[in-house]
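To start, the structure under review is shown below, and the notes come after it.
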Amino acid sequence: MLVVDCQSTGASPKHGVVLELGWARTNPSEEEPTVCSSLLELPEGVRISRQITRVTGIGHDDLDAAVPPSEAWRALRRDWLAHAIIHYARFELAFLRDLARRHEPELGALPFSVICTHDVTRRLHPDLPRRSLRAIAGYYGFPVELLRRSAGHVAATAHVWRHLLDALAERDVHSWDELTSWLQETPAPRSRRKGYPMSRDKRLSLPDAPGVYRMLRKHGAVLSLGKAHSLKERVNSYFTKQRNINERTLEMLTQARDLDVTVTATPLEAALLESDEIKEREPPYNVALGGETRLAWFANDDLSDAAAAPDDDFRLGPLPNRLSLRPLGAL
């Protein structure tokens, strides 16, 4: 199979261009496929917004190694296969069609069929809180590091695909044609109740005492940790709350399979231990004691973007975080 991923400067070809293109040939027996990726030169006048840099980690300085889009397209075409795997394919396909139209107009339609792993996971795991690539890859035990660039997305999608094949085989789906038919004949169910991977008995058996809890993913990597006056009450609050749950929290809970706790004599000891462990372990979902949440932010005049320091373009503030822009922009 060919696994493909794009990073772009906008949500669609009407509002952006491909910034990075990644792909790999993979098969079920291959644990780590060889991933190819290229940064693409931007058209004259196109800039990478601060938001895109924050999400992808790609800045203008990185484009020194960029290649012309036509060159990246030709490299992808050399590895072309009849079947492609893409997570959330609707996004990537729009940009791939645009690249084909620009650099190989005689091609017409894209010469491969595509399976979207997001569509498959919607049917196989309708109760999971989230099915983004980062969430579902973590659910299947992909390494804990943040996924930002195309190469990481391709490797994660290949990892997810290998696990989906086992789940599909249990449903007697063994070929590409059978999978295509299964997707067409099996509507994605709508689940009103979230199903968490972590055992309910595990969290209900926690002591009603102060301490530090650690959310663990498959293979034991620490996703998040925190302090609590009552370990039982604090940890179970993650799973009993039904509304207004932070997206990062839902993504983390999709991956959390186990718990590790340390009981302390007092809440103060728990707070000190939490601070030390966050600095030492740097769990990917802990932002309260580090990273950009310590900063004051300054918005531009139309409230569309923010920077960590004021200047002539970013002079409105200070704001406590980037999310402050959403209600202000709506007003």
In µm²/s, what is D for segment 74-113 at 20 °C and 1.002 mPa s, where D = kT/(6 pi eta Rh) by Stokes-Einstein and Rh is the Kirkwood radius from Cα pairs? 200 µm²/s
For a quick check of understanding: with a 1.4 angstrom probe and all protein chains in place, what accessible area in square angstrom does Arg122 have, to the nearest ten? 90 Å²
Here Rg/Rh (Cα, Kirkwood) for the chain equals 1.00
Summarise the accessible area of segment 102-250 (1.4 Å probe, protein heavy atoms) by the percent that is carbon and sulfur. 46 percent
Roll a 1.4 Å probe over the protein heavy atoms and report the accessible area of Cys36 in Å², nearest 10. 50 Å²
Could you work out how far the C-alpha centroid of segment 175-231 sits from that of segment 4-56, in angstrom? 29 Å
Just need log10 I(q)/I(0) for segment 65-159 at q = 0.10 Å⁻¹, Debye formula, equal scatterers on the alpha-carbon atoms, no solvent, rounded to two decimals. -0.32
Under a 1.4 Å probe, what is the accessible area of segment 98-196 per residue, stated in Å²? 52 Å²
Cβ-based net charge around His103, under 14 Å, with every Lys or Arg adding one and every Asp or Glu removing one: +1
Rounded to whole Å and sorted largest first, list the principal axis extents of the Cα atoms in segment 1-132. 44, 36, 29
Lys227: which lysines have alpha carbons under 24 Å from its alpha carbon, excluding same-chain residues fewer than 8 sequence positions away? Lys202, Lys218, Lys241, Lys279
His118: accessible area at probe 1.4 Å, nearest 10 Å²? 40 Å²
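Leaving ligands, DNA and RNA out of it, rank Val17, Val55 by accessible area with a 1.4 Å probe, largest first. Don't jump to the answer; show the numbers that get you there.
Numbers: Val17 40, Val55 80 Å².
Order by accessible area, largest first: Val55, Val17.
The values are calculated or read from the model by the stated rules, or taken from the named source; none is laboratory data. Computed from a predicted structure; not experimentally measured. For neighbour counting, all protein chains shown are included, and Cβ atoms are generated from backbone atoms with ideal geometry for every residue, glycine included. Side chains included, ligands, DNA and RNA excluded: accessible areas come from the protein's heavy atoms. Shrake-Rupley method; radii C 1.70, N 1.55, O 1.52, S 1.80 Å.
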